[in-house]
Structures are given as structure tokens and as C-alpha cells.
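Okay, so here's the structure we're looking at.
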Amino acid sequence: MELSSINLILVTVEDNFKFKGRRRILALELKKKGIVNLRILDSIKNTPRHLFIDPGLSEQAYLDKALPIENNQTISQPFTVAFQTQLLDPKSGDRILEIGTGSGYQTAILNYLKLEIFTIERNHDLFRITSKLFKKLNINPKKIIYGDGFNGLIDSSPFDGIIVTAGSPSIPKKLLSQLKVGGKMIIPVGKETQVMTKITRVGKTEFKKETFGNFKFVPMLKEKD
């Protein structure tokens with residue numbers, strides 16, 4: 001059997017018309033909920049979410065809900081992923097720092113948008129599993145880092161945008177300092193329930209804060225395992 005035939009079989013097994021159809025339906029559902037950015041809707045249609053979760057949950061992959069992944073973490077519901085990305089409003093080629101790689105689904109959405117992605121994960125098991133998945137799916141962030149998200153990535157800053165995918169009790173000052181002027185950080189802030197917050201750096205020491213309702217995230221944790 002030729003290599004091209006083998007690759008075709010692998011693709012057929014891992015993704016199929018049923019899942020593609022469900023992604024189209026999901027994108028329409030998200031549009032009704034307020035996701036209007038067509039590039040983001042296209043990323044939802046073209047990113048196989050079922051590959052980022054346990055195969056036993058694949059039938060639930062395209063429901064708009066969070067699902068459990070390894071180490072008591074979750075993959076965020078598609079609306080939340082799309083909503084945070086829409087608030088970030090990245091342009092092709094933007095330099096983006098993601099805090100909390102997790103399952104890698106949010107990273108995959110950003111990757112589809114042709115961004116320069118730096119992503120940090122503090123849980124070593126997730127870091128290892130997701131790094132392997134990225135290679136398998138040909139998702140190529142600029143850097144995948146095992147480390148403390150509260151510290152950001154000073155050596156690679158400043159960033160056009162920062163997206164935080166876990167609940168933070170407060171806004172980390174180290175992350176604010178790593179934004180470009182004009183750059184935005186999207187972060188859920190709070191303990192039990194989080195308020196989705198957009199911080200825009202409007203000057204060297206000036207920041208604009210906007211809020212966009214309540215969400216529920218797993219907590220953002222300090223220090224590496």
C-alpha cells in the first residue's frame with residue numbers, strides 16, 4: 001500500500017463527514033450566540049475537537065459544553081473558546097501568548113488563524129500529552145513551554161495579545177507588562193466564578209479594563225508540578 005493511501009485511511013478514521021457536519025452545526029449555533037467573526041467560525045468548522053478529548057467522549061465533542069480531560073482539567077466549551085478569541089481579535093501574524101495549553105484545543109483554534117503562538121502549561125502530564133498531539137496534528141506553535149503562567153514569557157515579549165484559559169484570582173501584573181501598547185489580554189478573573197475581562201494597554205503605564213459577563217473556569221495555579 002502506498003504511503004498516500006495509508007495517510008488517507010488515517011485521516012478517514014480520525015475525522016469523517018459525520019464530525020464535519022457536526023462542526024458546521026456547532027458553528028451555526030455559536031453564530032446565533034453572538035460569535036460573528038467569520039475567521040473564528042471557520043476555525044470551529046475546521047478544527048476536529050473530538051481529537052482533543054478522550055475517544056469515549058467523542059460523541060459529545062460537538063455539543064457546546066465543557067468536557068473533562070486528564071488531571072481533573074477540562075476542555076472549555078466551544079462558545080467560551082470562540083468568545084475569548086473574538087475578544088482578542090487577533091490579526092494574522094500576531095504574536096500571542098496563551099496561558100494554559102490544556103488539551104490544546106484553544107491553541108489549535110489560534111493556529112488556524114495563522115498566529116505566532118507561545119503557549120505555557122504548568123501541568124507536566126498535560127504538557128507531555130498535548131505536545132505529542134500537536135506533532136501528530138501538525139499544529140506548530142512557536143514555543144510550547146512547561147512553566148508557571150503567572151510569570152508569562154518575558155524573554156519573548158512584548159505580545160500583541162495574551163489569552164488566559166484558567167480562572168485567575170486577580171490580574172497578574174507580570175502579564176500586563178508583557179503586552180505591547182495597543183495589545184489586549186483576555187482573562188477570566190475571580191475565584192468561584194470568573195468575570196471575563198479584557199485589558200487593553202493604551203500607554204506605557206495606562207490600561208483600559210472591560211468586562212463581559214460571568215464564566216466558570218478551572219483555577220489558574222502557580223508553580224510547576
Quick check: anything in the range 91-99 farther than 23 Å from Glu121 by Cα, of a type in the set (Lys, Arg) and part of a loop (DSSP other than H, G, I, E, B)?
yes
For the range 61-90, give me each residue that is modelled with pLDDT of 95 or more, assigned to a helix (DSSP H, G or I) and not hydroxyl-bearing (Ser, Thr, Tyr).
Pro78, Phe79, Val81, Ala82, Phe83, Gln84, Gln86, Leu87, Leu88
Check the range 79-98 and report whether any residue there is in contact with a strand residue (DSSP E or B) (Cβ under 7 Å, 6 or more places away or on another chain), surrounded by fewer than 19 Cβ atoms within 10 Å (Cβ to Cβ), closer than 30 Å to Pro158 by Cβ and among the small types (Gly, Ala, Ser).
yes
Of those in the range 172-193 that are farther than 15 Å from Leu87 by Cβ and of a type in the set (A, V, I, L, M, F, W, C), the residue farthest from the chain's Cα centre (by Cα) is Val181
When the range 125-176 is examined, which residues are found to be surrounded by fewer than 13 Cβ atoms within 10 Å (Cβ to Cβ) and either touching a Gly at 6+ places or on another chain (Cβ under 9 Å) or hydroxyl-bearing (Ser, Thr, Tyr) (or both)?
Pro169, Ser170
Which of the residues that make up the range 182-215 are among the basic types (Lys, Arg) and free of Cβ contacts under 8 Å to residues at least 60 places away in the same chain?
Lys191, Arg201, Lys204, Lys208, Lys209
Test: residue in the range 33-40 that is in a strand (DSSP E or B), surrounded by 14 or more Cβ atoms within 10 Å (Cβ to Cβ) and touching a residue at least 12 places away in the same chain (Cβ under 8 Å)
no
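The values are calculated or read from the model by the stated rules, or taken from the named source; none is laboratory data. Note that this is a predicted model, so its numbers are computed, not measured. Every residue, glycine as well, gets a Cβ built from its backbone with ideal geometry; the counts of neighbours run over all protein chains shown.
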